[in-house]
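A quick write-up on the structure given underneath.
The values are calculated or read from the model by the stated rules, or taken from the named source; none is laboratory data. Note that the coordinates shown come from a computational prediction; the quantities given were computed from them, not determined experimentally. No Cβ is skipped: glycine too gets one built from the backbone with ideal geometry, and neighbour counts run over all protein chains shown. Ligands, DNA and RNA are excluded from the accessible area calculation, which covers all protein heavy atoms including side chains. Shrake-Rupley method; radii C 1.70, N 1.55, O 1.52, S 1.80 Å.
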Amino acid sequence: MEWNFWAVLSDFDLLLLGLVNTLKVTALALTFGVPLGLCLAVLRLSTLRPASAVAAFIIEFFRTTPPLVQLFWFFFALPILIDVRMTPFIASIVTFSIQSSAFFAEIFRGGIQSIDKGQWEGGKAMGMTYAQSMRRIILPQAVRRMIPAFMERAIELLKTTTLVSTVAYTDLMFQANDLAQKTFRPLEVYTVVALMYFVLIFVLSQLSIRVEHRLAKSGDSTLR
Amino acid sequence: MNDMLRIDNLHKRFGDLTVLAGIDMRVAAGETVVLLGSSGCGKSTLLRCINFMETPSAGRIYLHGRLVGEQRNGGMRYRERELCKLRTRIGMVFQHFNLFPHMTVLQNIMEGQVTVLKRGASEAANKAREQLARVGLSDKASEYPARLSGGQKQRVAIARALAMDPDIMLFDEVTSALDPELVGEVLKTMRQLTEEGMTMVVVTHELGFAYHVANRVLFLDQGVILEQGEPQQVLKQPATQRMREFLDGHSLFKLPD
């Protein structure tokens with residue numbers, strides 16, 4: 001066996017394009033998934049039984065079904081149900097926005113519930129509405145506590161997006177498959193791609209550890 | 001009759017448990033009323049019904065002679081919007097302060113003014129500094145609550161409530177979570193408010209405060225007002241056996257002869 005990286009490196013721009021697309025899907029899924037997760041969490045915590053039940057169902061459903069099945073459903077099944085044109089890109093964004101929102105909802109819920117009841121009372125007693133208390137008092141405190149879990153989930157999402165290659169979206173994994181077939185050099189191609197994912201995610205997780213340490217040092221938990 | 005607050009036949013039940021069983025109470029403008037009673041007698045619940053932190057099961061509450069809520073087939077109906085507005089006019093101070101830890105002292109006192117009363121930032125900041133001076137903590141404006149002592153936290157909480165320009169202030173066992181040596185500074189602040197003519201309803205175990213500061217003392221037992229009157233009379237010559245037992249239980253506190 002003889003290693004030859006030349007074929008890979010000469011087409012490295014293809015992999016870079018894939019990397020950009022991977023980041024694009026991840027970023028967009030986060031952009032939609034986080035606010036959607038917050039909405040689901042608020043509904044889930046609502047005292048309105050039906051709202052809470054619907055939110056709970058959505059969250060559980062997307063947490064317990066495989067993301068690949070979800071992706072295929074949105075890409076192949078949804079266009080049959082309703083008349084929409086699903087591109088691989090849109091199907092990927094829709095799937096991973098909703099899928100990650102289910103996880104983010106649980107993170108939000110945990111964060112919100114971890115805040116002392118007295119904080120709600122403090123806001124309420126000065127005439128704040130539920131929404132005002134949530135926005136001004138509860139969330140700013142809850143979000144700080146949620147950051148480590150958030151980062152972990154974002155990294156998880158980045159890895160899961162490799163699935164979008166199965167519906168022919170040109171992410172890093174798709175480009176790697178393409179290149180491997182074209183160059184007959186799967187060993188080198190997948191090695192390089194693995195390294196690219198490793199570097200990317202290693203940097204992100206180091207960053208997340210850094211943030212976590214800083215939060216611990218600033219004594220978030222002892223603020224009260 | 002110049003009643004700031006009037007409560008008619010107030011009931012509060014939690015499931016099967018009746019906590020308040022028909023409370024009638026009036027508080028005149030500028031009056032300080034102290035609620036006494038052993039734990040579980042309903043005094044905190046009564047206080048929390050006044051600003052609708054708890055919704056009464058039955059009965060009527062009037063502020064400035066105006067009925068809160070609307071009557072509907074024999075019962076009362078309350079709209080959240082009306083209650084929010086009502087709460088801006090009723091200040092409340094809690095046992096555990098409930099300051100916002102992610103905001104500085106000044107921001108804590110500005111928060112309600114800006115978010116709820118929609119005051120401008122500079123107006124709110126001025127008002128906040130004013131109230132901070134009133135409780136003697138001007139030098140702590142830019143500190144975070146975590147850096148304050150319990151007594152200081154509670155005075156900030158008082159300033160925060162005062163900044164809303166309330167008609168009436170409610171104090172819910174505000175010294176119970178404090179080290180004994182810090183109780184005095186908070187009681188002093190409250191006494192000063194009384195002297196300035198603030199209308200106050202105070203739930204406390206500090207009989208000394210009730211004796212020296214209150215205009216009127218109410219003794220609650222099993223969800224009803226068992227005794228009430230001037231503190232000198234109620235605390236020195238209790239009319240009921242129950243009240244005498246209660247006072248004996250506080251015998252560690254020496255009242256002046």
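Odds and ends about this structure:
- Of all residues in segment A:196-204, one or more are over 30 Å from B:Thr88 (Cβ atoms), more than 18 Å from the chain's Cα centre (by Cα) and in contact (Cβ under 8 Å) with a residue 24 or more places away in the chain.
- In the set (1) within 19 Å of the chain's Cα centre (by Cα); (2) open to solvent by 40 Å² or more (accessible area, probe 1.4 Å), A:Ala131 fails one condition alone, (1).
- If you go through segment B:77-123 and keep only what is of a type in the set (Lys, Arg), touching a residue at least 12 places away in the same chain (Cβ under 8 Å) and outside any loop (DSSP other than H, G, I, E, B), you end up with just B:Arg87.
- Residue tally, condition closer than 24 Å to A:Phe150 by Cβ and in contact (Cβ under 8 Å) with a residue 40 or more places away in the chain, over segment A:61-86: 6
- Checking each residue in segment A:99-119 for being touching a residue at least 60 places away in the same chain (Cβ under 8 Å), more than 9 Å from the chain's Cα centre (by Cα) and either away from chain B (no Cβ under 14 Å) or part of a helix (DSSP H, G or I) (or both) picks out A:Ala102, A:Ala105, A:Glu106, A:Ile107, A:Phe108, A:Arg109, A:Ile112, A:Gln113.
- Checking each residue in segment B:194-209 for being open to solvent by less than 10 Å² (accessible area, probe 1.4 Å), at pLDDT 95 or above and of a type in the set (A, V, I, L, M) picks out B:Met200, B:Val201, B:Val202, B:Val203.
- Residue in segment B:37-59 that is within 14 Å of chain A (Cβ to nearest Cβ), of a type in the set (Lys, Arg), in contact (Cβ under 8 Å) with a residue 60 or more places away in the chain and under 24 Å from B:Gln228 (Cα atoms) present: yes
- Listed by first and then second residue, the pairs linking a residue in segment A:210-221 that is within 14 Å of another protein chain (Cβ to nearest Cβ) and at pLDDT below 60 to a residue that is open to solvent by less than 80 Å² (accessible area, probe 1.4 Å) and part of a helix (DSSP H, G or I), with Cβ atoms under 8 Å apart and 6 or more places separating them unless they lie on different chains, are A:Gly219/B:Ala146; A:Asp220/A:Arg144.
Yes/no per residue for (1) open to solvent by 10 Å² or more (accessible area, probe 1.4 Å); (2) modelled with pLDDT of 95 or more; (3) within 12 Å of chain A (Cβ to nearest Cβ):
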position: B:Gly74; (1), (2), (3): yes, no, no
position: B:Arg89; (1), (2), (3): yes, yes, yes
position: B:Ala124; (1), (2), (3): no, yes, no
position: B:Lys127; (1), (2), (3): yes, yes, no
position: B:Gln131; (1), (2), (3): no, yes, no
position: B:Asp139; (1), (2), (3): yes, yes, no
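- Residues of segment B:141-157 that turn out to be within 14 Å of chain A (Cβ to nearest Cβ) and more than 15 Å from B:Thr104 (Cα to Cα), as a count: 1
- Considering only residues in segment B:160-170 that are open to solvent by less than 20 Å² (accessible area, probe 1.4 Å) and within 12 Å of chain A (Cβ to nearest Cβ), the one that is nearest to B:Leu106 (Cα to Cα) turns out to be B:Arg160.
- Residues being part of a helix (DSSP H, G or I), surrounded by 13 or more Cβ atoms within 10 Å (Cβ to Cβ) and among the charged types (D, E, K, R) - total across segment A:1-30: 1
- Residues considered: A:Leu45, A:Leu38. Of these, the only one that is open to solvent by 40 Å² or more (accessible area, probe 1.4 Å), over 27 Å from A:Lys182 (Cα atoms), aliphatic (A, V, I, L, M) and touching a Lys or Arg at 6+ places or on another chain (Cβ under 8 Å) is A:Leu45.
- Positions within segment B:227-253 being over 20 Å from the mean Cα position of the chain (by Cα), crowded, with 19+ Cβ neighbours inside 10 Å and in contact (Cβ under 8 Å) with a residue 40 or more places away in the chain, in sequence order: B:Phe246
- Within segment B:107-122, if we keep just the residues that are within 22 Å of the chain's Cα centre (by Cα) and more than 10 Å from every other protein chain (Cβ to nearest Cβ), the residue that is surrounded by the most Cβ atoms within 10 Å (Cβ to Cβ) turns out to be B:Ile109.
- Search result, residues across segment A:48-68 that are open to solvent by less than 70 Å² (accessible area, probe 1.4 Å) and within 21 Å of A:Met134 (Cβ to Cβ): A:Ala51, A:Ser52, A:Ala53, A:Ala55, A:Ala56, A:Ile58, A:Ile59
- Some residue of segment A:144-165 being farther than 22 Å from A:Leu200 by Cβ, in a helix (DSSP H, G or I), open to solvent by 10 Å² or more (accessible area, probe 1.4 Å) and not polar (S, T, N, Q): yes
Okay, residues lined up against (1) in contact with a helix residue (DSSP H, G or I) (Cβ under 7 Å, 6 or more places away or on another chain); (2) basic (Lys, Arg):
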{"residue": "B:Pro145", "(1), (2)": "yes, no"}
{"residue": "B:Lys153", "(1), (2)": "yes, yes"}
{"residue": "B:Ile158", "(1), (2)": "yes, no"}
{"residue": "B:Asp167", "(1), (2)": "no, no"}
{"residue": "B:Asp172", "(1), (2)": "yes, no"}
{"residue": "B:Thr175", "(1), (2)": "yes, no"}
